[in-house]
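**Student:** Dropping a structure here in C-alpha cells format, bear with me for questions.
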Amino acid sequence: MIQKYRQQFNEEFSKEKYQLTQDKIRDNAGIEAGFRLSESPIFLSKDFKNKLDDACETIVAQIKKIPEEVFAKAIPENCKVPNDNAKPHFLAIDFGICKNEAGEIVPQLIELQAFPTLYAFQEEYEGVISEVYPFLQDLRNSMPKPQYIQFLKDVIVGEENPENVILLEIYPEKQKTAVDFALTEKYLGIKTVCLTKVKKQGKKLFYENEGKLIPIHRIYNRVIFDEIDNIPDLVTEFDFREDVEVKWITHPNWFFKISKYILPLLEHDSVPKSYFVPDFPATEDLKNFVLKPLFSFAGSGVNLDPTQETIDAIEDKENFILQRKVHYEPLFLDTNGEYSKAEIRMLFLWKEEDATPTLMDNLVRMTKVAMVNVDFNKKDAIWIGSSIGFFEK
C-alpha cells in the first residue's frame, strides 16, 4: 500500500536473502520455524494505522464494559478453571485488510482472543528482517528490544524467580510454534514443560529439572484447554479444573470469554455484524455470512458458504456464530507481478495494574487463497505465510 517501500523491497528481494532470514532465525532460536514465513512484510499507510488504532481502542473499551455474568456464560461447564484473573494478560485482535463500498482500504475485524501468540517470535522476526533489509530499521514498530523483553518479563515472570515459571504446552516439541517457545526461553529464562511432565503434590505443582523437583509458581499457559479431551492416550497428574496454588498467565477461562463469543456484542465500523446462529434474523441473507464455531482455533471448522441445510444439521447451534463476510483486497505485489491478500493481528500485553493493554507488535498472515491462514496456503506461490506489517512514518 506504500508504493515506495514496496518498490524498494521488491527491488532488493532475492531468494538468498529469504533463506538468510530463515537461517538467522533458526540460528537465534536454535530450531527452525515450523510454519511458512512469507518472503515479504507488508507496508501500510498512516491512515490505515489510525483506523486500526481507533478500532482497537473502541473494542477494548467495549470489552471492559461487558458484565462478568455475560463472560461467565461463555465458559463451557466442563472447562471452568478455579481462581480466575480480573483481566487477561494477552489480547490479540485480527483484522482483514479489505476494501469498502467507497473504495477505501479499511480494517475489518475477523476475530479476537485473550490467548498468547507469537510475542517472542515476532520481536525476533522484526529484528532479523530489518537486519537483512536495513531500510526497514527506520520503520520498526515495536519498542527497543531490551524494553520489549522487559515488558514481556514483567507480564509473564513478574516478581518470581524464572526457575519457578514455566511455559506450559502439550507435547511442545511437536507444535508448529515451538520456535516461539525456544525464543521465549531465551528471552525470559523460563523452561517449556509438557503438561504430561507436571507433577502434583497436594495443591502444589512441580516440574523436574536435572533430577530435582522445581516448584511451579506461575504458568505461562499455551494449552488450549478444550482440546485436551481430543488428544488420545493423554496421561497427566494435573487437571486444569483442580484448585492448585499457581498463578495463571493468562487464566484459561479467558480463552473462552474473549473469543468469537463476544463478536455479536461489539459495534464499530470495523466490526462486521455477527449473530449467534439461533438469533440469526430472517431479514438477513445467509449467503452474505460465514459460519464459525465459537471456540475453534486456527480457522478450524469455518464454513465460508453455509447453506440452510448446514445450519439445520447443527445440533449445538448456540456454539456457532454467523459473521458477515468481508472481502480481502489483493494489495501486496510480489516479484512475479501477482498480488497477495493479508490480515493483521495486533498484539497486546495487559499488565494487571494498567487500565488498558499495551500494543507490542503485529503479526501478518498473507495468502493467495480464500482462507487467510498459514495452514490453508496450499498454492505453490510466493508472498504467502506468516509475516509482519510496517507502517508509514
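**Student:** Quick check, is residue 32 free of Cβ contacts under 8 Å to residues at least 12 places away in the same chain, part of a loop (DSSP other than H, G, I, E, B) and among the charged types (D, E, K, R)?
**Tutor:** Details: free of Cβ contacts under 8 Å to residues at least 12 places away in the same chain: no; part of a loop (DSSP other than H, G, I, E, B): yes; among the charged types (D, E, K, R): yes.
It is false that residue 32 is free of Cβ contacts under 8 Å to residues at least 12 places away in the same chain, part of a loop (DSSP other than H, G, I, E, B) and among the charged types (D, E, K, R).
**Student:** Every residue in segment 35-86 that is assigned to a loop (DSSP other than H, G, I, E, B), more than 25 Å from residue 179 (Cβ to Cβ), under 20 Å from the mean Cα position of the chain (by Cα) and at pLDDT 95 or above, please.
**Tutor:** Within segment 35-86, no residue meets the criteria.
**Student:** Does segment 234-289 hold any residues that are in contact with a Pro (Cβ under 8 Å, 6 or more places away or on another chain), among the polar types (S, T, N, Q) and closer than 30 Å to residue 215 by Cβ, and which are they?
**Tutor:** 250, the sole residue that qualifies.
**Student:** Right, another one. Given the conditions (1) on the phi < 0 side of the Ramachandran plot; (2) surrounded by fewer than 17 Cβ atoms within 10 Å (Cβ to Cβ); (3) not in a strand (DSSP E or B), report the number of the one that residue 261 does not fulfil.
**Tutor:** All conditions pass for residue 261, except number (2).
**Student:** Related question: Condition first: among the aromatic types (Phe, Trp, Tyr) and without any contact (Cβ under 8 Å) to a residue 40 or more places away in the chain. Now tell me which residues in segment 278-335 satisfy that.
**Tutor:** Just the residues of segment 278-335 that are among the aromatic types (Phe, Trp, Tyr), to begin with: 280, 289, 295, 297, 320, 328, 332.
Hit for segment 278-335 is 289, nothing else.
**Student:** To continue, here is another question. Looking at segment 113-129 only, could you name the residues that are closer than 16 Å to residue 63 by Cα and either modelled with pLDDT under 95 or not aliphatic (A, V, I, L, M) (or both)? Quick ask: steps written out before the conclusion?
**Tutor:** The first filter runs over segment 113-129 and keeps only residues closer than 16 Å to residue 63 by Cα, leaving 113-115.
Within segment 113-129, 113, 115 meet the criteria.
**Student:** Among the numbered criteria (1) assigned to a helix (DSSP H, G or I); (2) polar (S, T, N, Q); (3) surrounded by 15 or more Cβ atoms within 10 Å (Cβ to Cβ), which single criterion is violated by residue 270?
**Tutor:** Unmet condition: (1).
**Student:** Related question: Grab the strands (runs of 3 or more DSSP E) fully contained in segment 175-249, keeping just those with 2 or more residues being closer than 26 Å to residue 31 by Cβ.
**Tutor:** Values: elements: 191-194, 199-201, 204-209, 212-216, 218-221, 247-249.
The strands (runs of 3 or more DSSP E) meeting that bar are 191-194, 204-209, 212-216, 218-221.
**Student:** Further question on the same structure: When you scan segment 299-320, do you find a residue that is surrounded by fewer than 20 Cβ atoms within 10 Å (Cβ to Cβ), part of a strand (DSSP E or B) and over 22 Å from the mean Cα position of the chain (by Cα), even just one?
**Tutor:** No - not one qualifying residue is present in segment 299-320.
**Student:** When you check residue 65 against the structure, is it surrounded by fewer than 17 Cβ atoms within 10 Å (Cβ to Cβ) and under 27 Å from residue 381 (Cβ atoms), yes or no?
**Tutor:** Answer is no for this residue.
**Student:** Which of the residues that make up segment 1-29 are assigned to a loop (DSSP other than H, G, I, E, B) and either out of contact with any Ser or Thr (no Cβ under 9 Å at 6 or more places or on another chain) or exposed (fewer than 15 other Cβ atoms within 10 Å of the Cβ) (or both)?
**Tutor:** Within segment 1-29, the subset assigned to a loop (DSSP other than H, G, I, E, B) is 1-2, 13-14.
Answer for segment 1-29, where residues must be assigned to a loop (DSSP other than H, G, I, E, B) and either out of contact with any Ser or Thr (no Cβ under 9 Å at 6 or more places or on another chain) or exposed (fewer than 15 other Cβ atoms within 10 Å of the Cβ) (or both): just 14.
**Student:** Let me ask something additional. Residues of segment 129-172 being of a type outside the set (A, V, I, L, M, F, W, C), part of a helix (DSSP H, G or I) and in contact (Cβ under 8 Å) with a residue 12 or more places away in the chain, which ones? Let's see the steps before the verdict.
**Tutor:** The initial filter retains those residues of segment 129-172 that are of a type outside the set (A, V, I, L, M, F, W, C), namely 130-131, 133-134, 137-138, 140-142, 144-148, 150, 153-154, 158-164, 169, 171-172.
Now drop any that are not part of a helix (DSSP H, G or I), which leaves 130-131, 134, 137-138, 145-148, 150, 153-154, 162-164, 172.
131, 138, 145, 148, 153, 154, 162, 163, 164, 172, listed by residue number.
**Student:** Please find, among 193, 244, the residue that is among the β-branched types (Val, Ile, Thr) and under 19 Å from residue 80 (Cβ atoms).
**Tutor:** Numbers: 193 fails: under 19 Å from residue 80 (Cβ atoms).
Exactly one of 193, 244 is among the β-branched types (Val, Ile, Thr) and under 19 Å from residue 80 (Cβ atoms), namely 244.
**Student:** Quick test for you: out of 92, 114, 61, pick the one residue that is under 26 Å from residue 349 (Cβ atoms) and free of Cβ contacts under 8 Å to residues at least 12 places away in the same chain. Reasoning before the result, please.
**Tutor:** Details: 92 fails: free of Cβ contacts under 8 Å to residues at least 12 places away in the same chain; 114 fails: free of Cβ contacts under 8 Å to residues at least 12 places away in the same chain.
After ruling out the rest, the residue left standing is 61.
**Student:** Follow-up question, since we're still on this one. Among (1) more than 15 Å from residue 359 (Cα to Cα); (2) at pLDDT 95 or above; (3) charged (D, E, K, R), where does residue 104 come up short?
**Tutor:** It is condition (2) that residue 104 fails.
**Student:** Would you check which residues across segment 179-224 are at negative phi and without any contact (Cβ under 8 Å) to a residue 12 or more places away in the chain and list them? Walk me through it before giving the result.
**Tutor:** Narrowing segment 179-224 to residues at negative phi: 179-188, 190-201, 203-209, 212-224.
197, 201, 206, 208, 212 - these are the residues of segment 179-224 that are at negative phi and without any contact (Cβ under 8 Å) to a residue 12 or more places away in the chain.
**Student:** Hey, another quick one. So, residue 146, is that one assigned by TED's automatic domain parsing to the domain that holds residue 247, at pLDDT 95 or above and under 30 Å from residue 267 (Cα atoms) or not? Can you show your working first?
**Tutor:** Working: assigned by TED's automatic domain parsing to the domain that holds residue 247: yes; at pLDDT 95 or above: yes; under 30 Å from residue 267 (Cα atoms): no.
Taking the combined requirement at face value, the residue does not satisfy it.
**Student:** Now for a different question. Can you tell me which residue among 355, 313, 370 is modelled with pLDDT under 90 and farther than 30 Å from residue 4 by Cβ?
**Tutor:** Values: 355 fails: modelled with pLDDT under 90; 313 fails: modelled with pLDDT under 90.
Checking each option against the conditions leaves just 370.
The values are calculated or read from the model by the stated rules, or taken from the named source; none is laboratory data. Remember, predicted model here, so these are calculated numbers, not experimental data. Backbone-built Cβ (ideal geometry, glycine too); neighbour counts: all protein chains shown.
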